[in-house]
Amino acid sequence: MVKLGVNIDHVATVRQARLTVEPDPVWAAAAAELGGADCITIHLREDRRHIQDRDFLLLRETTQVRLNLEMACDDDITTLACDHPPDQVTLVPEKREELTTEGGLDICGNRRAIDVIKRLKAANIPVSLFLDPSPKQIDKASELDVDAIELHTGAYAEASNVEKNDCLATLINAGEQITKAGMLLNAGHGLTYNNVHSIASIPQMHELNIGHSIVARSIFAGLENAVREMKILLTNSTAVS
Ligand code: PXP
């Protein structure tokens, strides 16, 4: 069964809009768990625009499913993660001016990423890399002995109907390369209730990380229900794949 990681950054975005205490991502994580989330994902950005160090530290204590910390290859955040290990770190690229993570991490010749991976592995933290479905990047990741790759599904999500099949084929081939190399296959970005089925049906898909669409639906349906509805779609996709 494909697992569901729920990204709750947007809950913190609403709180930070007023620099107040609500809504609290800790409450969001609990509601997501009640709805069936298998993992809670948070992105501690260098500019702390949404998730704060306090959220990460509290969620480490309160989350009963796995906690996946997304972070850039930043020395201070790496130190924080090594001192307070989450269940997994996902390394992502980060640009200050971007609205959300725009592309996959480029790990070819990226000394900074290689050093951060070594530090995290030395602290026994499982490492996932957020990568575009590029054979070159996946080869490099397998040399670095990382545990998982999260494929960037943004191109698929944004593709026109004519382009979608090609994007899906690229993701399927990348998924095969990843699992053959012994790494877990995860995916995320831009996934919605309408487009998740094909991605959840990719053979050997382990986990999908979904944020925007679930938090958007939660405004009308409540977070627990929104997560539950997405879980049902993943369960049904797995059943037919
Ligand atoms: N995975 C990664 C690595 C991300 O950076 C994001 C966006 O924060 C997501 C998944 C979730 O993307 P979305 O909010 O579009 O569902």
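The numbers here are math on the coordinates, done by the rules we state, and not lab data. The structure displayed is predicted, hence computed values, not measured ones.
Among all the aspartates and glutamates, which ones have a C-alpha under 13 Å from Lys140's C-alpha, if same-chain residues fewer than 8 places away are not counted?
Asp106, Asp132
Once every Cα of segment 161-232 carries one equal point scatterer and solvent is ignored, give the base-10 log of I(q)/I(0) from the Debye formula at q = 0.13, 0.16, 0.26 Å⁻¹, two decimals.
Relative scattering, expressed as log10 I(q)/I(0), comes to -0.43, -0.62, -1.15.
What are the aspartates and glutamates whose alpha-carbon lies under 18 Å from the alpha-carbon of Lys231, with same-chain residues fewer than 8 places away excluded?
Partners within reach: Glu33, Asp38, Glu207.
Relative to 2.2 N^0.38 Å, what does the C-alpha radius of gyration of the chain come to as a ratio? Two decimals please.
For the chain, the normalised Cα radius of gyration comes out at 0.95.
Which distance in Å, rounded to a whole number, links the C-alpha centroids of segment 1-63 and segment 144-197?
24
Please work out the Cα convex hull volume for segment 38-140 and give it in Å³ per residue.
Cα-based convex hull of segment 38-140, divided per residue, equals 107 Å³.
Tell me the mean residue ellipticity at 222 nm calculated for the chain from its helices only (DSSP H runs of n ≥ 4, each -39500 (n - 2.57), averaged over every residue, nearest 500).
Dividing the helical sum by the residues of the chain leaves -14500 deg cm²/dmol.
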